[in-house]
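The values are calculated or read from the model by the stated rules, or taken from the named source; none is laboratory data. Model, not experiment: these values are computed from the prediction. Reconstructed Cβ throughout: ideal geometry from the backbone, glycine too, with neighbour counts over all protein chains shown. When the accessible area is computed, the model is the full protein with side chains, heavy atoms only, and any ligands, DNA or RNA have been set aside. Shrake-Rupley method; radii C 1.70, N 1.55, O 1.52, S 1.80 Å.
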Amino acid sequence: MGTKRTLQNVVDASGPHRRDLEARKRILAATLEQLEERGYSRMTIEQVAVSAKVGKATLYRSWPNKAALVLDAVRSRLKEVPTAETGDTRDELLSVAKQALASFFGSVQVQAILPALVADMSQNPDLREQLREEVIEPRRARSRTVLQRAMDRGDLPEDTDVSLALEMWAGAMMFRSVFYGDGYDDATLARMVDATLASPPRFDAEDTGLADDA
């Protein structure tokens, strides 16, 4: 009998891991293609295995279920949230808006799969929860550190509603992606960031406790 294989999550494109890396790329690409064509509810791991030309058993050993596979495929289209400190708040916020959000929502492939994924999440609470906990929340936490740094510098007021600011950015980009199949160019992103710096969403004084300090 052959040795059972579990694909290793590697980034090294040389040496003994090269075959695993290439197989992972094929599988994740096939997953996104199937998601685009069939939607989450109708796609199957078996279909992905056939499309990626890998054994179904190997695929199941590497991803325990369909949700895990889809989450991995979505993550493969995400760039890291940039949190490096440059000393320039505007540039740091532009990096977050451009690399963490616009590059994702502006991707042609993401624009193709997003409507199906959103529609299926409304019928699948487990998928929605996993996406939120494993993809959205970790990235939002990293983005918050950049906005918090802007508050610490005094470039944003201390009562800025950071979560709402990030949701406004993501919501605007998602709207354009889903309904117009388009993304934000650099000039539009700059206007969005400038608008946030000029007039950020803010908590009421009662919500922050600032009224007690007055």
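Can you tell me the mean projection area, over all orientations, of the convex hull of segment 47-95's alpha carbons? Units nm², please.
Average of the hull's projected areas for segment 47-95 equals 4.9 nm².
All other residues with a Cβ under 10 Å from the Cβ of residue 149 taken together, and with Lys, Arg as +1 and Asp, Glu as -1, what is their net charge? If you can, show how the numbers build up before the last one.
Numbers: positive: 144, 153; negative: 85, 92, 152, 155.
Charge balance in the 10 Å sphere: -2.
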>> Below 8 Å between Cα atoms, with a sequence gap of 6+, how large is the relative contact order for the chain in percent?
In response: 19 percent
> Which value at 222 nm does the chain reach when only helices count, each DSSP H run of 4 or more adding -39,500 (n - 2.57), with the total divided by all residues and rounded to the nearest 500 deg cm²/dmol?
Replying inline: -19000 deg cm²/dmol
> Measuring from label point to label point, each 7 Å out along Cα→Cβ, what is the residue 65 to residue 124 span in nm?
Replying inline: 1.0 nm
> Using 0.36 nm per residue, how much length does the chain from residue 197 to residue 168 gain when fully extended, once their Cα-Cα distance is taken away?
Replying inline: 9.1 nm
> If the chain between residue 158 and residue 42 were fully stretched, how many nm would it gain, using 0.36 nm times the residue separation less the Cα-Cα distance?
Replying inline: 37.1 nm
>> I want to check the label-to-label distance for residue 190 and residue 145. Put each point 7 Å from Cα in the C-beta direction and report it in nm to one decimal.
In response: 2.8 nm
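Taking the mean number of other Cβ atoms within 10 Å as a proxy for protection, how do you rank 27-35, 111-119 from highest to lowest?
Numbers: 27-35: 22.2, 111-119: 17.4.
So the peptides 27-35, 111-119, ranked by packing, come out 27-35, 111-119.
If you roll a 1.4 Å probe over the chain with all protein chains in place, what percent of the accessible area is carbon or sulfur? Kindly include the intermediate steps, with their values, before the conclusion.
Values: 6020 of 12010 Å².
Carbon and sulfur: 50 percent of the exposed surface of the chain.
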> In whole Å, what is the distance between the alpha-carbon centres of segment 117-141 and segment 92-110?
Replying inline: 18 Å
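Compute the accessible area per residue over the chain, keeping the other protein chains in place, probe 1.4 Å, unit Å². Provide the component values of the computation, followed by the final result.
On the way: 12010 Å² over 214 residues.
Averaged over the residues of the chain, the accessible area is 56 Å².
Leaving ligands, DNA and RNA out of it, rank 43, 192, 174 by accessible area with a 1.4 Å probe, largest first.
If we order 43, 192, 174 from most to least accessible, we get 174, 192, 43.
Summarise the long-distance tail of P(r) for segment 88-152 by giving the % of C-alpha pairs beyond 13 Å.
Numbers: 1470 of 2080 pairs.
Beyond 13 Å sits 71 percent of the P(r) for segment 88-152.
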>> I want to check a number: in the chain, how many lysine pairs have alpha carbons closer than 19 Å, given a sequence separation of 8 or more or different chains?
In response: 9
>> Can you compute the charge dipole magnitude of the chain about its Cα centre, using +1 on each Lys and Arg Cβ and -1 on each Asp and Glu Cβ, nothing else charged? Give it in debye, rounded to the nearest 20.
In response: 1820 debye
